[in-house]
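Single-structure report; data block below.
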């Protein structure tokens with residue numbers, strides 16, 4: 001007998017919307033999120049920022065409604081709770097306050113979201129270089145504004161953060177963009193479909209207009225990123241753009257090349273994954289409702305493929321409706337009827353993705369960086385060492401890992417798997433696809449004492 | 001530690017928390033993570049790798065583990081996942097830890 005009806009892992013837009021729908025129809029929901037507040041990364045601290053930090057914008061503030069909907073007698077939200085294991089049953093093992101426990105549920109919804117794609121180049125490990133999304137988290141959670149910052153990379157989030165910095169009175173020193181004119185042209189065939197997401201498109205254009213109006217210098221088709229530290233601790237950032245070598249000195253170098261699904265938990269749970277070539281990511285396989293090939297496990301949100309917050313909320317609702325149906329609380333007819341609104345929202349939210357994916361792809365020298373670039377930040381493994389191992393015959397993630405320790409540090413490959421795949425695929429024969437790296441529990445490091453204190457013995461899954 | 005913070009902290013509430021960094025007193029706004037407090041305090045490194053390279057908090061969301069510091073005697077604590085509390089003792093880490101939390105050189 002399961003202890004709860006539904007465990008939702010992750011309190012971002014997908015998880016929050018699913019919790020509200022499931023609880024309204026009577027399911028007992030346990031939500032686990034490792035951050036101190038619900039909201040996910042996109043709506044981080046949104047409930048705490050209701051009457052302040054207006055520079056974060058309307059779309060951000062709207063996330064407070066999802067947080068408010070968690071105030072329901074059937075929803076138990078535990079923050080600071082890190083899930084580190086998911087077994088058949090399903091059973092969820094999670095750590096909170098230095099203590100781990102296992103909870104069984106009839107259903108589990110994995111809504112663990114995305115992380116920023118690693119942006120490796122020589123110097124990306126230096127203090128002063130950081131992901132743009134990380135700086136945005138500091139704006140949301142601590143009211144800390146990047147000073148004298150350069151934004152470098154590509155994608156819609158880069159424009160949003162630049163606009164937020166402008167509105168906060170701390171505009172970026174420059175915006176260095178990697179997308180080329182040719183990539184923008186190549187994205188145009190996706191424009192008609194993107195018109196279904198017109199409000200999002202217009203919002204993007206208004207962000208770019210704001211950056212123009214603030215007269216932030218922009219460079220496009222940039223490549224060859226390289227950072228060093230000056231004597232005073234500033235970052236000297238070199239790159240190539242407009243056919244010339246450029247360099248800028250800044251306090252902060254904020255990089256961004258889009259986001260990728262966090263798949264450690266779905267891979268460790270044995271869910272089938274496939275390569276999404278358009279987005280350049282591995283993602284779990286699931287049906288129209290987010291149901292996976294593993295009994296009791298659904299996925300929703302950016303962890304299942306990048307679609308953004310509105311798509312995540314819609315997918316969360318669809319997964320919850322399906323779980324209600326499987327629990328016998330909704331007929332499949334009622335489920336289908338009630339899904340119509342979320343399906344339409346999901347369609348609109350996803351309509352703009354092909355345009356964005358084609359216009360702002362991660363550049364090749366980020367996917368497979370130069371030899372003197374650290375790829376594995378934990379174990380300090382360079383791209384040159386990895387290329388050498390590949391030349392010597394190492395095949396796939398696993399052999400690179402065993403020969404170089406690449407991906408064996410505490411981040412468990414979260415900061416190097418994507419780059420390692422880029423290096424492996426540079427030479428791989430197209431008929432032999434690269435398998436996603438294996439993920440095993442504990443998918444986040446925990447103290448041995450905490451592991452030992454788990455009272456009942458558990459078997460390692462195959 | 002003479003590198004100025006790379007961030008400007010908005011003067012919002014005025015409530016501040018006192019903590020120590022490598023034994024020296026420091027303050028930060030109430031309600032922030034240890035990593036935010038360290039980044040607001042200084043732009044310098046908070047960890048050195050086994051090879052001696054300087055690092056500090058990077059992803060701010062619990063993914064990269066570059067923000068590992070010693071908090072109240074517990075090494076390898078993710079500063080970005082830990083809320084700062086009054087009186088906390090934070091120490092920067094150099095090199096690897098051993099199982100008991102002390103230093104462990106790697107040749």
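The values are calculated or read from the model by the stated rules, or taken from the named source; none is laboratory data. Values in this document were obtained by computation on a predicted structure and should not be read as measured data. Neighbour counts run over all protein chains shown; Cβ positions are idealised from the backbone, glycine included.
Only one entry in A:63, A:40, A:54, A:10 is surrounded by fewer than 18 Cβ atoms within 10 Å (Cβ to Cβ) and either over 21 Å from the mean Cα position of the chain (by Cα) or touching a residue at least 40 places away in the same chain (Cβ under 8 Å) (or both), namely A:54. Of all residues in region B:7-28, at least one satisfies being within 16 Å of residue A:251 (Cα to Cα), surrounded by 18 or more Cβ atoms within 10 Å (Cβ to Cβ) and modelled with pLDDT of 90 or more. The set of residues from region A:107-123 being more than 9 Å from chain B (Cβ to nearest Cβ) and farther than 24 Å from residue A:56 by Cβ comprises A:107, A:108, A:109, A:110, A:120, A:121, A:122, A:123.
For region A:221-228, indicate whether the set of residues that are under 22 Å from residue A:114 (Cα atoms) and outside the structural domain of residue A:408 (by TED's automatic domain parsing) is non-empty. No, that holds for no residue.
Annotation for region A:388-407: at least one member residue is in a loop (DSSP other than H, G, I, E, B), crowded, with 22+ Cβ neighbours inside 10 Å and within 13 Å of chain B (Cβ to nearest Cβ).
Could you tell me whether residue B:69 is surrounded by 17 or more Cβ atoms within 10 Å (Cβ to Cβ) and either within 10 Å of chain A (Cβ to nearest Cβ) or outside any strand (DSSP E or B) (or both)? Here the answer is no, as residue B:69 does not meet what is asked. Taking residue B:49 and the conditions (1) touching a residue at least 24 places away in the same chain (Cβ under 8 Å); (2) in contact with a strand residue (DSSP E or B) (Cβ under 7 Å, 6 or more places away or on another chain); (3) more than 8 Å from chain A (Cβ to nearest Cβ), which numbered condition does it fall short on, given that it satisfies the others? Unmet for residue B:49, out of (1) touching a residue at least 24 places away in the same chain (Cβ under 8 Å); (2) in contact with a strand residue (DSSP E or B) (Cβ under 7 Å, 6 or more places away or on another chain); (3) more than 8 Å from chain A (Cβ to nearest Cβ): (3). Within region A:140-163, the residues that satisfy the criterion of being over 16 Å from residue A:359 (Cβ atoms), away from chain B (no Cβ under 14 Å) and outside any strand (DSSP E or B) are A:162, A:163. Taking the conditions (1) surrounded by fewer than 22 Cβ atoms within 10 Å (Cβ to Cβ); (2) within 7 Å of another protein chain (Cβ to nearest Cβ) in turn, residue B:58 satisfies each one other than (1).
Would region A:221-231 turn up any residue that is at pLDDT below 95, within 14 Å of chain B (Cβ to nearest Cβ) and not in a helix (DSSP H, G or I)? Yes: region A:221-231 contains one or more residues that are at pLDDT below 95, within 14 Å of chain B (Cβ to nearest Cβ) and not in a helix (DSSP H, G or I). Residue A:167 meets all of the listed conditions (1) surrounded by 17 or more Cβ atoms within 10 Å (Cβ to Cβ); (2) at pLDDT 95 or above but one, namely (1).
Out of the residues in region B:73-95 that are in contact with a helix residue (DSSP H, G or I) (Cβ under 8 Å, 6 or more places away or on another chain) and assigned to a loop (DSSP other than H, G, I, E, B), which is farthest from residue B:17 (Cα to Cα)? The residue in question is B:82. Scanning region A:364-382 for residues that are in contact with a helix residue (DSSP H, G or I) (Cβ under 6 Å, 6 or more places away or on another chain), surrounded by 23 or more Cβ atoms within 10 Å (Cβ to Cβ) and within 20 Å of residue A:280 (Cβ to Cβ) turns up A:369, A:375. Is it the case that residue A:89 is away from chain B (no Cβ under 14 Å), farther than 30 Å from residue A:5 by Cβ and surrounded by fewer than 20 Cβ atoms within 10 Å (Cβ to Cβ)? When the stated conditions are applied, residue A:89 does not pass them. Yes or no: residue A:371 farther than 30 Å from residue A:26 by Cα, over 20 Å from the mean Cα position of the chain (by Cα) and not in a helix (DSSP H, G or I)? So residue A:371 passes the test.
Annotation: residue A:443 fulfils all but one of (1) within 12 Å of chain B (Cβ to nearest Cβ); (2) without any contact (Cβ under 8 Å) to a residue 60 or more places away in the chain; the unmet one is (2).
A quick yes/no check of all residues on (1) touching a residue at least 40 places away in the same chain (Cβ under 8 Å); (2) more than 16 Å from the chain's Cα centre (by Cα):
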position: A:290; (1), (2): yes, yes
position: A:295; (1), (2): yes, yes
position: A:313; (1), (2): yes, no
position: A:323; (1), (2): yes, yes
position: A:333; (1), (2): no, yes
position: A:340; (1), (2): no, yes
position: A:352; (1), (2): yes, yes
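Any residue that is in contact (Cβ under 8 Å) with a residue 40 or more places away in the chain, closer than 14 Å to residue A:264 by Cβ and part of a loop (DSSP other than H, G, I, E, B) - is there at least one of those in region A:415-430? Checked against the condition, which is being in contact (Cβ under 8 Å) with a residue 40 or more places away in the chain, closer than 14 Å to residue A:264 by Cβ and part of a loop (DSSP other than H, G, I, E, B), region A:415-430 yields at least one hit.
Picking from residues in region A:66-86 that are within 12 Å of chain B (Cβ to nearest Cβ) and without any contact (Cβ under 8 Å) to a residue 60 or more places away in the chain, the one that is surrounded by the most Cβ atoms within 10 Å (Cβ to Cβ) is A:81.
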